[in-house]
Amino acid sequence: MAQDMRTVLQESRVEQAVMDRYAAEAAKIVGENNISANQADLLSACRDYWPANSIWMREGVFPALPQLVAWPKTTAQVSKLLALANQEKIPVTPYGEGSGALGGVVPLRGGVTIDLKLMNKIRVLDERNLLVTVESGLNGALYEEELNRAGYTGGHFPQSLRCSSVGGWLACRAAGQFSTRYGKIEDMAVSLEAVLPDGTVFSGRKVPRTATGPRVDHLLLGSEGTLGIITSATLRIWPLPEKRHLASYTFEKLESGLEAIRLFMRAGTRPAVVRLYDGQETGNHFPELGDKRCALILLIEGNARLVDAEAEVIDDCVRSEGAESAGAEHVEHWLEKRFNIGVASMLFQKGAVLDTIEVTTNWHNAYTTYLVMQDALLGVEGTMLASGHYSHVYPEGAALYMTVVGFPGGDKISYYKKLWQTAMEACHKEGAAFSHHHGVGLHRGLWMTDEHGSGLEVLKKIKDALDPEGIMNPGKLGLEEVQLWQK
């Protein structure tokens, strides 16, 4: 039985008699075929791509297990499932496609996992107003394909596109690879429909902007299932671009590339893709360029005349910082390989511990944050590589992505914790924010006080007001202490 499997983060479980009662009522709501306590279903809904999960599961150990999985098809069904769970004080873990990287779906206290994958329809495509209303369980790649068939793009292309859901994007404030042009998911979100823990359903207005008080529906953005469940969203869309311009450049120094990006963002250009790699990552991703220079790849798309104008402005800016043109083929290579995680999988199979740590900086500390974090990560015994690139750039700064690979001699979980503690201390020291788009989940909750200070207490008050029984995704976002996962 699943409950006999060894778990390492299971803080508690609901009495089986209570779960049996809930399951019987849930079956009336969603149908017998849409609930399960089978071992395979519980295992499939107990984890995400948090590296700690992968370390444990290779050892035959599981982080924590739900006691039931339910698959609703409608917002009304979600409402009834939540109201019933609230009445019975049963923990609820919302689940999209499990592509998160920080343990956000680990069911620390058992209970029910509400899997939204059957809520997978585009409800309304509003071409005149460039809006789409989509259910939160729709797979990201299928969402984009359906829009493309109608002549539009959603503009959101995370690396997890093929294994993530629209609701998951909203829940963790995700960013896609084309975010400099189209924005992060919170920039695309016009309104949300959501269900609160007591079953209350509410939604926001589908209008461009409002000044009618705080947007309550937008409060759910980034809440990671701790305040309720997002069931659908109305998002901005764009016509498919008329033209694409691909260009790459190399710089002698990483600082020169950063300054060039700052200049063309200051000038008002908004290329879709801007990625600046340090020498190590340039050598890894573009071996023909070697590792002595730093590569910048650019993709500009949209109206043909605007694309041409942006390309000219950007070329002037990068050449003013000593860039050398490297052609379009490196961008084509990146487009072809951008969803490929084969190297990471191979390293993991060979016993490596690896992760990506994305933080967000302003321009004044973009380079120093890279230096300090790299130095800190390389200082942890067992670390073999700590490299970085910048992406998701803005007029005010950029996201820095650190990639770390280690082969620790001792306990891998202890090494993993030390890596993160070291990285977060360096990030905080340099004044960077500790997440740009992966969210918080369970793991980053350890540093939420450092990030928010007294603001975290305000968030806890909101949590207590909306979820007084504390049923929604317990232990996440640093809203409460997790006894079995400490620094």
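Counting only helices (runs of 4 or more DSSP H) that fall entirely inside the stretch 136-191 and contain at least 2 residues that are under 24 Å from Phe434 (Cβ atoms), the qualifying elements are 166-172, 179-182, 185-188. Is it fair to say Gly31 is closer than 17 Å to Leu9 by Cβ and surrounded by fewer than 22 Cβ atoms within 10 Å (Cβ to Cβ)? Here the answer is no, as Gly31 does not meet what is asked.
A quick yes/no check of all residues on (1) crowded, with 24+ Cβ neighbours inside 10 Å; (2) more than 22 Å from Glu224 (Cβ to Cβ); (3) free of Cβ contacts under 8 Å to residues at least 60 places away in the same chain:
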residue	(1), (2), (3)
Ala85	yes, no, no
Lys89	no, no, no
Arg123	no, yes, no
Glu144	no, yes, yes
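If you go through the stretch 287-339 and pick out every residue that is touching a strand residue (DSSP E or B) at 6+ places or on another chain (Cβ under 7 Å), in a helix (DSSP H, G or I) and either at pLDDT below 95 or farther than 15 Å from Leu246 by Cα (or both), you end up with 1. Evaluating Ile230 against the criteria (1) part of a helix (DSSP H, G or I); (2) under 25 Å from Tyr143 (Cβ atoms) leaves one unmet condition, (1). Which ones in the stretch 428-444 are touching an Asp or Glu at 6+ places or on another chain (Cβ under 9 Å), surrounded by 23 or more Cβ atoms within 10 Å (Cβ to Cβ) and part of a helix (DSSP H, G or I)? Once the filter is applied, which keeps residues that are touching an Asp or Glu at 6+ places or on another chain (Cβ under 9 Å), surrounded by 23 or more Cβ atoms within 10 Å (Cβ to Cβ) and part of a helix (DSSP H, G or I), the stretch 428-444 yields only Arg444. Going by the structure shown, is Asn284 out of contact with any Leu (no Cβ under 7 Å at 6 or more places or on another chain), surrounded by fewer than 20 Cβ atoms within 10 Å (Cβ to Cβ), at pLDDT below 95 and closer than 16 Å to Ser391 by Cβ? Yes. Scan the stretch 45-61 for residues that are within 22 Å of the chain's Cα centre (by Cα) and touching a residue at least 12 places away in the same chain (Cβ under 8 Å) and jot them down. Scanning the stretch 45-61 gives Ala45, Cys46, Arg47, Asp48, Tyr49, Trp50, Pro51, Ala52, Asn53, Ser54, Ile55, Trp56.
The values are calculated or read from the model by the stated rules, or taken from the named source; none is laboratory data. What you see is a predicted model, and the numbers here were worked out from it, not measured in a lab. All Cβ positions, glycine included, derive from the backbone under ideal geometry; neighbour counts span all protein chains shown.
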